[in-house]
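Asks: First the structure, which I've put down as structure tokens, then a few questions once you've had a look.
None of the figures in this text is laboratory data; all of them are computed from the coordinates on show. Everything numeric in this text was worked out from a predicted model, so none of it was measured. Neighbour counts run over all protein chains shown; Cβ positions are idealised from the backbone, glycine included.
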Amino acid sequence: MDDTLDNQDTFAAVLVRLQATIDARRGADPKSSYTAQLLADPARAAKKFGEEAVEAVIAAVSADKDALAAEGADVLYHFLVLLAAAGVSPDAVAEKLAAREGRSGLDEKAARTN
């Protein structure tokens with residue numbers, strides 16, 4: 001499997017296009033769009049995200065790189081849909097990540113109040 005992407009398909013560029021597709025599905029007929037179905041039912045979107053996360057864990061434990069890449073794609077898609085269904089922007093997640101930059105993961109975790 002070729003792990004390189006061309007300039008049009010960087011990880012970030014693919015995610016930006018995916019987010020645009022998800023945004024375009026908002027308000028679409030759920031009978032014609034799986035994404036619209038999930039957007040209309042945040043609880044279902046959350047369950048699907050959880051299912052895909054478990055499948056990614058199984059692929060990782062099995063050391064199946066191709067399966068992990070495929071399940072990782074499913075996790076990212078379902079996570080973006082879940083965010084949209086819950087009314088949370090990817091920028092809100094990016095802000096949380098940016099706030100953690102430069103901090104030890106152990107220090108960051110210890111500083112959490114919840």
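Asks: Determine the equivalent ellipsoid of the chain by diagonalising the alpha-carbon gyration tensor, then write out the semi-axes as square roots of 5 times the eigenvalues, largest first, rounded to whole Å.
Replies: Values for the chain, descending: 24, 21, 17 Å.
Asks: Using a Gaussian network model on the chain with a 10 Å cutoff between Cα atoms, which of Ala53, Ala84, Ala99 fluctuates the most?
Replies: Checking each option, the largest mean-square fluctuation is seen for Ala99.
Asks: About the Cα centre, and with charges only on the beta carbon of Lys, Arg (+1) and Asp, Glu (-1), how big is the dipole of the range 30-111? Nearest 20 debye, please. Before the final figure, lay out each step's value.
Replies: Details: 9 positive and 13 negative charges, 52 e Å.
The calculated dipole for the range 30-111 is roughly 260 debye.
Asks: Based on the alpha-carbon gyration tensor of the range 5-61 and its eigenvalue square roots a ≥ b ≥ c, which shape applies: rounded if a/c is under 1.5, prolate if not and a/b is larger than b/c, or oblate? Mind showing how you got there, number by number?
Replies: Details: a/c = 3.04, a/b = 1.09, b/c = 2.79.
It is oblate, given that a/c is not under 1.5 and a/b is not larger than b/c.
Asks: The range 24-92: which trypsin sites (Lys or Arg not before Pro) are DSSP loop and have at most 10 other beta-carbon atoms within 10 angstrom?
Replies: Lys31
Asks: Next question. How about the range 78-114: which GluC sites (Glu not before Pro) there are in a DSSP loop, with at most 15 other Cβ atoms within 10 Å of their Cβ? Mind dumping the intermediate values first?
Replies: Numbers: sites: Glu95, Glu101, Glu108; in loops: Glu101.
Here the GluC sites (Glu not before Pro) that fit, given the DSSP loop and packing criteria, are Glu101.
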